[in-house]
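A.B. asks: Take this structure, written in structure tokens, and hold onto it; I'll ask about it next.
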Ligand SMILES: Cc1cc2nc3c(=O)[nH]c(=O)nc-3n(C[C@H](O)[C@H](O)[C@H](O)COP(=O)(O)OP(=O)(O)OC[C@H]3O[C@@H](n4cnc5c(N)ncnc54)[C@H](O)[C@@H]3O)c2cc1C
């Protein structure tokens with residue numbers, strides 16, 4: 001799901017960036033850090049940034065045309081007003097029936113069972129993202145933005161760029177796929193070091209954690225190999 005808000009930033013119209021675009025902004029989780037929100041558990045962070053309403057940073061990428069006129073058109077300074085947007089990135093609570101299994105019947109063209117994905121957004125995710133819309137609009141208004149509008153792109157699971165889980169890490173093979181070293185309980189020479197090991201998604205960007213888990217798992221695997229345990 002993609003929920004948040006955007007607004008117009010008055011002024012600064014004579015200001016332009018030069019060279020590469022500036023980085024976006026990150027606003028860390030602030031819900032359910034100290035007090036419990038009445039409508040949902042856990043929380044969300046915002047990722048966002050400023051952009052020009054007409055030209056944007058992807059200037060020309062959606063325009064049709066070619067040749068000299070097209071190139072000249074891209075040089076015309078039609079930047080428009082500044083805008084700012086904030087998009088919520090929230091935690092998806094783990095549920096046992098949000099899962100991926102091997103399809104018992106369907107196979108791909110090589111005869112390998114295809115994945116069967118059972119996953120749906122639930123009440124907690126929906127309540128959290130509704131709050132992400134409202135709070136983003138409040139912040140933009142408090143910062144002086146006008147024409148503030150919320151957005152609610154109710155995208156299906158799988159399109160949120162931080163998908164995790166499906167081979168979670170745990171203390172026992174009874175209720176987990178991987179041990180604390182990202183090692184498959186049932187096949188000790190297999191290590192799964194991506195987001196599959198996460199028991200919950202969290203709301204933060206995950207890649208650095210995957211890299212740390214990978215380094216940790218590799219260190220363990222090398223030690224085990226040297227001790228001839230693998
Ligand atoms: C648009 C977008 C923006 C993102 N932005 C951020 C961000 O700002 N910060 C952040 O922390 N995370 C971000 N993420 C998430 C991050 O990219 C992923 O969490 C991370 O790339 C996962 O790394 P990985 O090595 O586990 O998997 P991947 O990077 O997906 O690598 C898996 C690799 O396995 C290969 N593969 C798949 N199947 C097979 C097969 N059968 N045989 C051989 N190879 C195979 C694939 O081709 C791929 O190269 C973003 C994701 C997207 C889509």
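A.B. asks: Checking residue 167 against (1) within 12 Å of the ligand (Cβ to nearest atom); (2) in contact (Cβ under 8 Å) with a residue 24 or more places away in the chain; (3) under 30 Å from residue 8 (Cβ atoms), only one condition comes out false. Which one?
C.D. replies: Condition (3) is where residue 167 drops out.
Yes/no per residue for (1) surrounded by fewer than 15 Cβ atoms within 10 Å (Cβ to Cβ); (2) out of contact with any helix residue (DSSP H, G or I) (no Cβ under 7 Å at 6 or more places or on another chain); (3) modelled with pLDDT of 95 or more:
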| position | (1), (2), (3) |
| --- | --- |
| 175 | yes, yes, no |
| 179 | no, yes, yes |
| 186 | yes, yes, yes |
| 192 | no, yes, yes |
| 200 | yes, yes, no |
| 211 | yes, yes, yes |
| 218 | yes, yes, yes |
| 221 | no, yes, yes |
| 224 | no, yes, yes |
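For every residue, the table says whether it meets (1) within 30 Å of residue 7 (Cα to Cα); (2) within 16 Å of the ligand (Cβ to nearest atom).
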position: 138; (1), (2): yes, no
position: 144; (1), (2): yes, no
position: 149; (1), (2): yes, no
position: 156; (1), (2): yes, yes
position: 191; (1), (2): no, yes
position: 194; (1), (2): no, yes
position: 208; (1), (2): no, yes
position: 214; (1), (2): no, yes
position: 224; (1), (2): no, no
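A.B. asks: Name the residue that is surrounded by the most Cβ atoms within 10 Å (Cβ to Cβ), counting only residues in segment 26-54 that are part of a loop (DSSP other than H, G, I, E, B) and under 14 Å from the mean Cα position of the chain (by Cα).
C.D. replies: Of the residues in segment 26-54, the ones part of a loop (DSSP other than H, G, I, E, B) are 28-43, 53-54.
Filter again for under 14 Å from the mean Cα position of the chain (by Cα), leaving 28-29, 43.
Values: 28: 11, 29: 17, 43: 21.
Filtering segment 26-54 for residues that are part of a loop (DSSP other than H, G, I, E, B) and under 14 Å from the mean Cα position of the chain (by Cα), the one surrounded by the most Cβ atoms within 10 Å (Cβ to Cβ) comes out as 43.
A.B. asks: For segment 1-22, which positions are closer than 22 Å to residue 148 by Cα, within 23 Å of the chain's Cα centre (by Cα) and in a loop (DSSP other than H, G, I, E, B)?
C.D. replies: 1
A.B. asks: What are the pairs with Cβ atoms under 6 angstrom where one residue, in segment 187-213, is in the same structural domain as residue 169 (by TED's automatic domain parsing) and within 18 Å of residue 88 (Cα to Cα) and the other, located anywhere, is modelled with pLDDT under 95 and near the ligand (Cβ under 7 Å from one of its atoms)? Sequence gap at least six, or different chains.
C.D. replies: 206/162; 206/195
The values are calculated or read from the model by the stated rules, or taken from the named source; none is laboratory data. Keep in mind that this is a model prediction, so the values were computed, not measured. Glycine gets a Cβ as well: all are built from the backbone with ideal geometry, and neighbour counts include every protein chain shown.
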